1. Determine which single condition Glu139 fails, assuming it passes every other condition in (1) more than 19 Å from the chain's Cα centre (by Cα); (2) among the acidic types (Asp, Glu); (3) in a helix (DSSP H, G or I).
2. Only one residue in Val129, Val104 is β-branched (Val, Ile, Thr), modelled with pLDDT of 95 or more and touching a Leu at 6+ places or on another chain (Cβ under 9 Å). Which one?
3. Scan region 94-113 and report the pairs whose first residue is under 9 Å from Cys124 (Cα atoms) and whose second residue is in a helix (DSSP H, G or I) and among the polar types (S, T, N, Q), with Cβ atoms within less than 8 Å and a gap of 6+ or a chain change.
4. Can you tell me which condition Gly77 does not meet? The list is (1) farther than 23 Å from Cys147 by Cα; (2) at pLDDT below 95, and all the others hold.
5. Would you check if there is a residue in region 153-176 being over 23 Å from Met24 (Cα atoms) and aliphatic (A, V, I, L, M)?
6. Name the single residue that is nearest to Glu102 (Cα to Cα) among those in region 20-42 being of a type in the set (Val, Ile, Thr) and out of contact with any Phe, Trp or Tyr (no Cβ under 7 Å at 6 or more places or on another chain).
7. Can you tell me which residues in region 26-42 are exposed (fewer than 13 other Cβ atoms within 10 Å of the Cβ) and either among the aliphatic types (A, V, I, L, M) or in a loop (DSSP other than H, G, I, E, B) (or both)?
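The values are calculated or read from the model by the stated rules, or taken from the named source; none is laboratory data. Predicted model, so just to flag it, every value in this text is computed and none were measured. Heads up, the Cβs are rebuilt from the backbone with ideal geometry, glycines too, and the neighbour counts pull from every protein chain shown.
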Amino acid sequence: MNKSQGSIMPAGPLMKEHRLIERMIAVLKKEIENLESGDELDIPFIKEAIDFIKTYADDCHHGKEENILFLELGKKGLSREHSQIMSQLMLEHNYGRKTLKELVEAKNSYEAGDKESKVDALKCIKALVAFYPGHIEKEDKHFFLPCMEYFSREEKDEMLEKFREFDKELIHRKYGEIVARMEKLKCTK
């Protein structure tokens with residue numbers, strides 16, 4: 001066992017990521033108040049929030065869950081309860097992605113001059129704010145820690161290493177996609 005890993009379980013980094021997501025949800029709650037009190041859509045803020053949810057909450061956090069933890073759990077003989085929860089979590093991840101896509105569309109409509117799309121954006125922000133706390137609680141209290149029992153110490157250490165590799169590759173993938181999109185936009189005219 002690597003000394004630096006000590007007794008860290010794969011649930012630890014995932015739960016730590018939840019704390020940052022919760023902080024963003026608190027900021028989004030404040031934005032709901034601002035919008036409901038008559039403020040216009042703060043496009044730079046919405047773009048940052050979309051980027052955070054897409055890149056951090058979905059690509060990074062849900063990416064590790066789906067591409068590492070859930071795949072490894074799929075190789076185990078999960079209890080009926082844990083299998084059902086894992087299926088629910090996958091459905092919830094898809095709901096979050098769908099809701100974020102709708103927020104992007106509302107933001108784009110608003111930027112294009114459709115001020116009525118503020119209502120759609122607000123609906124999406126409210127949906128995300130309502131979604132994440134329950135989703136996080138389900139993972140933290142009913143799934144992550146109990147599921148660690150399916151793994152040996154060595155398997156947990158291997159999973160932590162896979163998490164680190166996943167995180168290291170994420171930024172390169174994100175900015176590779178940005179450059180490819182910009183090349184397509186600017187170099188194919």
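1. Every listed condition holds for Glu139 apart from (1).
2. Selected residue: Val129, the only one of Val129, Val104 that is β-branched (Val, Ile, Thr), modelled with pLDDT of 95 or more and touching a Leu at 6+ places or on another chain (Cβ under 9 Å).
3. Ala106/Ser117
4. Gly77 satisfies every listed condition except (1).
5. Yes, region 153-176 has at least one match.
6. Ile32
7. Answer for region 26-42, where residues must be exposed (fewer than 13 other Cβ atoms within 10 Å of the Cβ) and either among the aliphatic types (A, V, I, L, M) or in a loop (DSSP other than H, G, I, E, B) (or both): Ala26, Ser37, Gly38, Asp39, Glu40.
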